[in-house]
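Quick notes on the structure that follows.
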Amino acid sequence: QVQLVESGGGLVQPGGSLRLSCAASGRILDINAMGWYRQAPGKERELVATITRGGSTNYADSVKGRFTISRDNAKNIVFLQMNSLKPEDTAVYYCHADKVGYRFQRVGDYWGQGTQVTVSS
């Protein structure tokens, strides 16, 4: 079993910055790629960014150039640095990890509880 715990959310003005953290605990070897998703009120959950253990990243078009995902494998922490925040970034942000089995094949998902990010003046 793996637990994911997010922190760092809060209220920020447009143009401001926040850094989210996700700490993983438990059977760390059972996870591989990790990432951040978000869900705004009335919207479906959407991908924000992902990162593999080797550091390969992918970003949603809406956050490219503004957000940076990083990973500290030794400490089992994933970060999301969010700069130039916009009101449309307001959402609950969820940490995600691919649950993997033999040969690192994805077999399921782990999710954190979510942390609220509100961008408003």
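The values are calculated or read from the model by the stated rules, or taken from the named source; none is laboratory data. Everything numeric in this text was worked out from a predicted model, so none of it was measured. As a convention, Cβ positions derive from the backbone with ideal geometry for all residues, glycine included, and neighbour counts pool all protein chains shown. Remember, those area values only see protein heavy atoms, side chains included, never the ligands or the DNA or RNA. Shrake-Rupley method; radii C 1.70, N 1.55, O 1.52, S 1.80 Å.
At 7 Å along the Cα-to-beta-carbon direction for both residue 109 and residue 58, put a label point, then send me their distance in nm to one decimal.
1.3
Could you give the length gained on full extension between residue 88 and residue 28, defined as 0.36 nm per residue of separation minus the Cα-Cα distance, in nm? Intermediate results must be reported in sequence, preceding the final value.
On the way: separation 60, 0.36 × 60 = 21.60 nm, distance 3.30 nm.
Result for the pair: 18.3 nm of gain on full extension.
So with the 1.4 Å probe, I'd like the accessible area per residue for the chain, rounded to whole Å².
On the way: 6690 Å² over 121 residues.
So the chain comes to 55 Å² accessible per residue, rounded to a whole number.
Summarise the accessible area of region 2-121 (1.4 Å probe, protein heavy atoms) by the percent that is carbon and sulfur.
On the way: 3090 of 6520 Å².
Accessible surface attributable to carbon and sulfur in region 2-121 totals 47 percent.
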